[in-house]
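Right, one structure below, let's go through it.
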């Protein structure tokens, strides 16, 4: 029975990740295929070919993003976007939503921004207990001036849903920068700590303490 149970568990560990991956890919493709609805019905690929090809919406979404990015990067595009944003900022309710969404997108997707590029370890919720966090900002203006210390803004995500969490402002001296990548930290958080990233100790600078024998 123990051997049978081990085989069943091994089979689950193979098929559950594959099933979840296939389901998420199917949902993503199905959602992006809805972008084809912007095309007049007579000109849609389904009507022209006579059958449905999954994934064409992904190609259309990619082309729309590419063309939009090219237009927004040149002088005419920047002038148009400036006028569009100026219009949205005059609408009271829309102004707050658009500004927050734009700031979030710039923080997460900008290559020049250091937000969400570093995984940190901080003592939270109290001394002696540690939590994973992501660095979100280092220039904190009034907050840094009033604390009189060099502080770092950290986002402490909840588990298993890392999209919610807490903002912690901690002194830089109390923050430990980890070697793991952001995606590795997210896997650890989503898996409730079950999936632990492999630590390449040889690439790490000298530690302030001695490692236990089992991981040294």
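What follows is calculated from the coordinates using simple rules that are stated; it is not laboratory data. Values in this document were obtained by computation on a predicted structure and should not be read as measured data. Note that we place each Cβ from the backbone using ideal geometry, even for glycine, and neighbour counts take in every protein chain shown.
At a glance:
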{"item": "Separation of the residue 196 and residue 123 label points, Cα + 7 Å toward Cβ, nm", "result": "2.2 nm"}
{"item": "Paramagnetic reach from residue 38 in segment 59-75 [backbone N under 13 Å; point 7 Å along Cα→Cβ]", "result": "59-69"}
{"item": "For q = 0.11, 0.12, 0.19 Å⁻¹, Debye-computed log10 I/I(0) when each Cα of segment 119-197 counts as one equal scatterer", "result": "-0.28, -0.34, -0.79"}
{"item": "For the chain, the fraction of alpha-carbon pairs in successive 10 Å shells from zero, as %", "result": "6, 18, 25, 25, 17, 7, 2, 0"}
{"item": "Theoretical gain in end-to-end length, residue 53 to residue 93 [0.36 nm per residue, Cα-Cα removed]", "result": "10.4 nm"}
{"item": "Viscosity 1.567 mPa s, temperature 4 °C, Stokes-Einstein D of segment 17-58 from Kirkwood C-alpha radius, µm²/s", "result": "117 µm²/s"}
